[in-house]
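Scroll down for the structure; my scribbles are underneath it.
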Amino acid sequence: MMTLYSGTTDPFSQRCRIVLYEKGMDFQVVDVDLEKKSEDIALMNPYNEVPVLVERDLILHESNIINEYIDERFPHPQLMPPDPVMRARARYFLFRFEKEIFSHIGELEGKSVKNQEKARAHVRDVLLQMIPMFAKHKYLLGEEYSMLDVALTPLLWRLDYYGIELPKQAMPLMKYAERLFSRPAFSEALTSAERGMRK
């Protein structure tokens with residue numbers, strides 16, 4: 001059985017929980033207190049970060065790597081496109097999400113007000129640039145829910161929590177977010193701490 005060591009408020013861990021619930025398979029989630037991590041995490045991951053996935057003698061960390069492994073190991077429903085060109089495009093977008101959006105999570109969750117404001121403005125600008133995509137399609141890769149949607153969901157769930165305010169023209173993005181939040185697997189994967197992040 002797979003075991004996921006997951007931070008109860010960690011957006012990267014939330015991605016992995018969503019994928020596990022989308023697959024509907026047997027797994028165990030071990031909640032990790034991010035303030036008081038057990039020594040086990042540092043032994044499994046040299047960066048002492050969650051999420052960490054353990055299956056027999058395999059240990060993986062980094063949410064996108066974990067999620068691709070789960071997707072290949074349990075291919076139904078498939079979350080990465082089967083076509084090599086589309087799969088490469090999906091990986092490219094995942095890479096861009098990390099560089100342009102999720103690299104700012106530390107600042108958004110940090111103590112420096114100045115850094116928070118800068119990160120908020122940057123993330124808001126990136127999301128606003130993406131609005132045409134949401135106006136045209138149901139999901140990021142078209143009509144099918146994919147790993148790109150999984151990757152973005154934790155940020156969209158935390159917009160209020162991070163103090164990121166979007167203008168009226170962001171309505172297509174907000175409707176897209178509601179589609180993601182209405183998925184049963186998303187609801188099942190939420191921790192009680194994450195539920196408390198939205199009013």
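Is it true that Met2 is more than 20 Å from Pro154 (Cα to Cα), in contact with a strand residue (DSSP E or B) (Cβ under 6 Å, 6 or more places away or on another chain) and touching a residue at least 24 places away in the same chain (Cβ under 8 Å)? In short, yes.
Of all residue pairs spaced 6 or more apart or on separate chains, those with beta-carbon atoms under 8 Å, a first member in region 185-199 that is assigned to a helix (DSSP H, G or I) and a second member that is hydrophobic (A, V, I, L, M, F, W, C) are Ala185/Ile18; Phe186/Ile18; Phe186/Leu180; Ser187/Phe181; Ala189/Ile18; Ala189/Leu20; Glu194/Trp157. Against the test of being in contact (Cβ under 8 Å) with a residue 12 or more places away in the chain, in the same structural domain as Phe95 (by TED's automatic domain parsing), in contact with a helix residue (DSSP H, G or I) (Cβ under 7 Å, 6 or more places away or on another chain) and under 18 Å from Asn67 (Cα atoms), the options Leu155, Leu166, Leu173 yield a single qualifying residue, Leu155. From the list Pro184, Pro172, Pro167, the one residue that fits, being under 23 Å from Arg17 (Cβ atoms) and either modelled with pLDDT of 95 or more or not β-branched (Val, Ile, Thr) (or both), is Pro184.
Summed over region 84-100, the residues that are in contact with a Leu (Cβ under 6 Å, 6 or more places away or on another chain) and farther than 21 Å from Asp71 by Cα give a count of 0.
Among the residues of region 5-27, those that are over 20 Å from Gly196 (Cβ atoms) and assigned to a loop (DSSP other than H, G, I, E, B) comprise Gly24, Met25, Asp26. Taking the conditions (1) out of contact with any Phe, Trp or Tyr (no Cβ under 6 Å at 6 or more places or on another chain); (2) of a type outside the set (Val, Ile, Thr); (3) within 29 Å of Glu143 (Cα to Cα) in turn, Ser63 satisfies each one other than (1). Selection of region 107-135 for residues being among the small types (Gly, Ala, Ser) and over 16 Å from Asp160 (Cα atoms) yields Ser112, Ala135. Restricting Glu72, Glu100, Glu62, Glu55 to residues that are modelled with pLDDT of 95 or more, in the same structural domain as Thr153 (by TED's automatic domain parsing) and among the acidic types (Asp, Glu) narrows the list to Glu100. For region 104-146, filtering for residues that are loosely packed, with under 14 Cβ neighbours inside 10 Å and outside any helix (DSSP H, G or I) leaves 5. Might you let me know whether region 60-69 holds any residue that is surrounded by fewer than 14 Cβ atoms within 10 Å (Cβ to Cβ), under 19 Å from the mean Cα position of the chain (by Cα) and at negative phi? Within region 60-69, one or more residues are surrounded by fewer than 14 Cβ atoms within 10 Å (Cβ to Cβ), under 19 Å from the mean Cα position of the chain (by Cα) and at negative phi. Among the residues of region 70-88, those identified as in contact (Cβ under 8 Å) with a residue 24 or more places away in the chain, surrounded by 11 or more Cβ atoms within 10 Å (Cβ to Cβ) and of a type outside the set (A, V, I, L, M) are Asp71, Phe74, Pro77, Pro81. For region 26-59, the set of residues classified as touching a Ser or Thr at 6+ places or on another chain (Cβ under 8 Å) and surrounded by fewer than 20 Cβ atoms within 10 Å (Cβ to Cβ) consists of Phe27, Gln28, Val29, Val30, Asp31, Asp33, Leu34, Val54, Glu55, listed by residue number. At least 1 residues being among the basic types (Lys, Arg) is the threshold, and among the helices (runs of 4 or more DSSP H) wholly inside region 28-103 those reaching it are 63-73, 84-100.
The values are calculated or read from the model by the stated rules, or taken from the named source; none is laboratory data. What you are looking at is a predicted structure, and each value in this text was computed from that prediction instead of being measured. Here Cβ is always computed from backbone atoms with ideal geometry, including for glycine, and neighbour counts include all displayed protein chains.
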